[in-house]
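The values are calculated or read from the model by the stated rules, or taken from the named source; none is laboratory data. Please read all numbers here as calculations on a predicted model, not as lab measurements. Here the Cβ positions follow ideal geometry from the backbone for every residue, glycine too, while neighbour counts run over all protein chains shown.
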Amino acid sequence: MASKQDHADVLIVGAGTAAGVAARHLAEAGFSVVCLEQGEWVDPGDLPGNKPEYELVGGKDWHPDPNIRRRREDYPLDHSESDLPVWMYNGVGGSSVLYGGIWARALPSDFRVRTLDGVADDWPLSYDELLPYYQAVEREMRVSGLAGNPAYPPGFDPPLPPAPIHRTGQVMAEGMNKLGWHWWPGTNSLPTLNREGSREGQCVRYGVCRMGCPEGAKSSTDVTHLRDAVERGVQVITRARVARVTLDDSGRANGAIYLRDGAEHFQSASLVIMAAGGIGTPRLLLMSTSERFPNGLANSSGLVGKRLMLHPYGVAVGLYDDDLENWLGPAGEHIGSMQFYESDASRGFVRGAKWSLLPIAGPLEAAEKWTHPLSLAGEQMWGDGSADRMKSFVRMLQWHVIPEDLPEETNYVSLHPTLTDSDGLPAAKVNYRVSENTRKIVDFNLARALEAHDAAGATKSWIAGRNFMTGHNTGTAKMGNDPATSVVDRFGRTHDVPNLYIIDASVFTTSTGVNPTATICALAKRTATHIASNAGKLEVAS
Amino acid sequence: MTDLDLSTELGDASRARLAALADVLIPGGSGLPSASAADVAGQWINRALAANTDLAPAVREVLAVAGAPAEALAEVRRRDHVLFEAFALAVSGAYFMNPAVRNALGYPGIAPRRMPAAEGEAEYYLEDDILTPVLDRGHIYRSVPN
């Protein structure tokens with residue numbers, strides 16, 4: 001029999017990116033909050049980025065693919081029917097522990113793709129409605145960048161000054177200027193200034209953001225939110241693997257059963273928020289079947305797990321004459337470009353892509369530009385001539401091209417029929433194929449990125465691979481106004497269960513073509529604000 | 001499957017074989033040492049395999065392939081590209097950990113290190129009106145109907 005924990009006003013399933021934002025906000029508003037997190041707190045001293053083995057450890061124990069990490073808390077993922085694996089980090093801070101820290105708001109057009117381009121669906125909210133929440137979380141996440149980016153409406157003014165674009169950005173910027181193409185200094189959730197009393201350090205440009213920051217100077221929510229939240233009374237229960245969300249007799253969510261160290265527990269709550277990520281949240285909803293919801297909790301639309309979007313990105317690299325010190329952080333982007341972000345019908349596809357000029361963390365990452373199975377380098381990395389190729393590592397620039405991935409119900413997450421996690425719960429199965437439109441976006445943009453390298457003076461350039469995984473797992477619990485065609489409403493409340501909310505990237509109506517963390521945080525802030533502001537009027541468990 | 005601690009199992013003969021195979025991948029030149037000269041088959045492979053325990057089976061399997069080193073590796077590459085790349089990752093990961101190699105490639109220190117931006121550095125790179133052409137073109141975002 002499950003042991004019973006103290007009742008909470010709000011139970012948050014997960015303690016990741018969105019959970020951190022919501023937990024701290026709700027605690028500050030006076031709610032008692034419990035987060036159930038299957039992983040652990042991260043000790044920055046354990047992170048590999050400042051150790052000689054950093055790239056090898058980053059390719060195993062700190063790899064963003066849970067099937068490679070294979071920690072106790074990493075539930076297996078079957079991606080045998082997916083064009084690419086799925087990445088995530090399971091632990092306090094969630095995938096913000098391993099993200100690059102690139103901070104990009106979605107564009108106004110992202111919320112109106114049906115209206116503008118006749119595809120997918122409009123979001124049930126607009127850029128302007130989300131704007132105050134973007135601004136709020138940009139302060140909380142200590143975003144650095146330069147105000148005035150003409151790719152955005154006026155008002156995108158990062159609270160901290162930009163990091164240097166470095167020689168890498170300078171060389172590429174001159175090339176982009178020759179072409180008359182947009183570029184802008186990088187906007188990153190990487191603080192460029194110290195703040196007295198802050199838990200977070202100042203970026204010291206290790207350039208290893210995607211392995212976690214050993215300086216604690218990247219805005220992951222374990223650093224920016226959850227430690228403060230704990231001081232405000234939030235209880236983060238680690239090693240707690242949720243098995244299912246429970247309902248009371250009237251069909252309201254009243255808590256969750258979870259497994260911890262081999263024992264079953266029950267956490268009761270008046271209101272439940274799902275924040276387990278674009279794979280974890282649909283997995284748990286599909287596991288939470290009942291007589292009332294035989295096909296999964298909050299799944300009357302049949303869309304829980306459907307419409308998975310992954311942002312399969314491509315990389316174009318160039319070699320230059322000079323040592324560009326391309327290993328210097330932040331990583332994070334040095335510069336970005338939105339030149340080909342908005343739709344242009346003449347290109348033969350809809351929507352577009354964001355470009356990020358990123359540093360290259362070390363020699364193994366550089367070597368991958370030749371060794372990736374889809375690299376078009378035209379020569380082998382190893383063997384005769386390898387020394388010359390190695391000597392070019394620090395003379396390399398890379399553009400990452402992130403395409404907007406449109407939703408399709410044939411791309412989905414489901415429960416695996418036989419594979420289980422270490423607690424015997426069903427693993428997730430991912431079915432995902434790169435769509436023709438996404439492929440065209442990537443092809444077009446990689447071709448333009450090669451032109452950018454040429455304009456910037458590259459002596460050789462090539463496509464170093466495509467179908468790279470981003471960890472941008474979106475769309476599996478769609479936000480919309482119509483309960484028949486969406487899972488949650490415009491405030492993240494499920495249509496089917498009036499006190500069950502979802503705040504992670506599952507709710508994205510479309511993927512947008514930008515890194516999702518800014519929008520994840522803004523939506524979480526908006527939902528938490530809605531809950532706090534309407535506390536007396538919301539339906540809760542009996 | 002139990003992780004293999006191959007680094008403690010490699011005897012002199014295996015290390016000599018590993019050095020010969022590694023030299024096929026990394027023969028050196030242009031101021032860089034060969035894999036064997038960089039002691040890849042000594043302390044560095046030990047550290048590489050300890051850092052990524054998934055690589056030990058690949059090293060073990062390739063070491064078991066008979067024949068001249070170049071032909072043996074060519075056969076592995078033809079037969080099992082994933083195995084070849086895992087072996088190459090172990091060897092190159094070991095090689096790049098050698099501080100002399102890292103230094104010769106232009107990377108600072110034995111690992112990434114703190115290099116905070118200097119005062120005025122961000123502004124320095126934006127001098128000479130480098131952003132002016134971008135600003136002169138004006139807004140490029142697409143307007144949406146209310």
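Structure notes:
- Scanning the stretch A:197-218 for residues that are assigned to a loop (DSSP other than H, G, I, E, B) and away from chain B (no Cβ under 11 Å), we see that the one that is surrounded by the most Cβ atoms within 10 Å (Cβ to Cβ) is A:K218.
- Contacts under 6 angstrom Cβ, first residue in the stretch A:279-296 being farther than 29 Å from A:D65 by Cβ, partner among the small types (G, A, S) and surrounded by fewer than 22 Cβ atoms within 10 Å (Cβ to Cβ), 6 or more apart: A:R292/A:G251
- One residue stands out among those in the stretch A:339-353 that are over 30 Å from A:S220 (Cα atoms) and not in a loop (DSSP other than H, G, I, E, B): the one that is modelled with the lowest pLDDT, which is A:A345.
- Here A:W382 meets the list (1) touching a Leu at 6+ places or on another chain (Cβ under 7 Å); (2) away from chain B (no Cβ under 11 Å); (3) more than 20 Å from A:G186 (Cβ to Cβ) almost entirely, failing just condition (2).
- Of A:G329, A:G336, all but one fail to be in a loop (DSSP other than H, G, I, E, B), surrounded by 24 or more Cβ atoms within 10 Å (Cβ to Cβ), out of contact with any Asp or Glu (no Cβ under 9 Å at 6 or more places or on another chain) and within 12 Å of chain B (Cβ to nearest Cβ); the exception is A:G329.
- Matching residues in the stretch B:63-80 - criterion: being hydrophobic (A, V, I, L, M, F, W, C), within 13 Å of another protein chain (Cβ to nearest Cβ) and free of Cβ contacts under 8 Å to residues at least 24 places away in the same chain: B:A74, B:V76
- Picking from residues in the stretch B:127-143 that are more than 7 Å from every other protein chain (Cβ to nearest Cβ) and over 30 Å from A:T115 (Cα atoms), the one that is modelled with the lowest pLDDT is B:D128.
- Residue within the stretch A:241-264 that is part of a loop (DSSP other than H, G, I, E, B), more than 14 Å from chain B (Cβ to nearest Cβ), among the small types (G, A, S) and within 18 Å of the chain's Cα centre (by Cα) present: no
- Remark: B:R60 matches the filter, which requires a residue to be more than 9 Å from chain A (Cβ to nearest Cβ) and more than 19 Å from A:M381 (Cα to Cα).
- Test result for A:R227, among the charged types (D, E, K, R), within 14 Å of chain B (Cβ to nearest Cβ), part of a helix (DSSP H, G or I) and in contact (Cβ under 8 Å) with a residue 24 or more places away in the chain: no
- Of all the criteria given as (1) touching a strand residue (DSSP E or B) at 6+ places or on another chain (Cβ under 6 Å); (2) hydrophobic (A, V, I, L, M, F, W, C); (3) surrounded by fewer than 20 Cβ atoms within 10 Å (Cβ to Cβ), the one not satisfied by A:A23 is (3).
Residue by residue, here is whether (1) closer than 18 Å to A:M381 by Cβ; (2) away from every other protein chain (no Cβ under 11 Å); (3) at pLDDT 95 or above; (4) surrounded by fewer than 18 Cβ atoms within 10 Å (Cβ to Cβ) holds:
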| site | (1), (2), (3), (4) |
| --- | --- |
| B:D12 | no, yes, no, yes |
| B:A20 | no, yes, yes, yes |
| B:V24 | yes, no, yes, no |
| B:V40 | yes, yes, yes, no |
| B:L55 | yes, no, yes, no |
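- Looking only at the stretch B:87-117, and only at residues there that are farther than 28 Å from A:P330 by Cβ and under 11 Å from the mean Cα position of the chain (by Cα), the one that is surrounded by the most Cβ atoms within 10 Å (Cβ to Cβ): B:A94
- Out of A:P403, A:P426, A:P417, sole residue that is modelled with pLDDT of 95 or more, touching a Gly at 6+ places or on another chain (Cβ under 7 Å) and either within 30 Å of A:R71 (Cβ to Cβ) or surrounded by 21 or more Cβ atoms within 10 Å (Cβ to Cβ) (or both): A:P403
- B:A48 being among the small types (G, A, S), without any contact (Cβ under 8 Å) to a residue 12 or more places away in the chain, at the interface with chain A (Cβ under 7 Å from one of its Cβ atoms) and buried (at least 17 other Cβ atoms within 10 Å of the Cβ): no
- Residues located in the stretch A:499-542, provided they are in contact with a Phe, Trp or Tyr (Cβ under 7 Å, 6 or more places away or on another chain), in a loop (DSSP other than H, G, I, E, B) and of a type in the set (G, A, S): A:G513
- Neighbours by Cβ (under 6 Å, 6+ apart or cross-chain): first from the stretch A:51-63, among the acidic types (D, E); second assigned to a loop (DSSP other than H, G, I, E, B) and surrounded by 22 or more Cβ atoms within 10 Å (Cβ to Cβ): A:E55/A:G362
- Candidate set: the stretch A:97-136, residues that are basic (K, R) and within 11 Å of chain B (Cβ to nearest Cβ); chosen: the one surrounded by the most Cβ atoms within 10 Å (Cβ to Cβ): A:R105
- Every condition in (1) within 25 Å of the chain's Cα centre (by Cα); (2) among the hydrophobic types (A, V, I, L, M, F, W, C); (3) over 30 Å from A:Q339 (Cβ atoms) holds for A:A484 except the one numbered (1).
- As a summary of the residue check, A:S288 satisfies the conditions (1) closer than 27 Å to B:L126 by Cα; (2) more than 21 Å from the chain's Cα centre (by Cα) except for the one numbered (1).
- Residue count for the stretch A:137-196, restricted to those that are acidic (D, E) and either within 11 Å of chain B (Cβ to nearest Cβ) or surrounded by fewer than 19 Cβ atoms within 10 Å (Cβ to Cβ) (or both): 3
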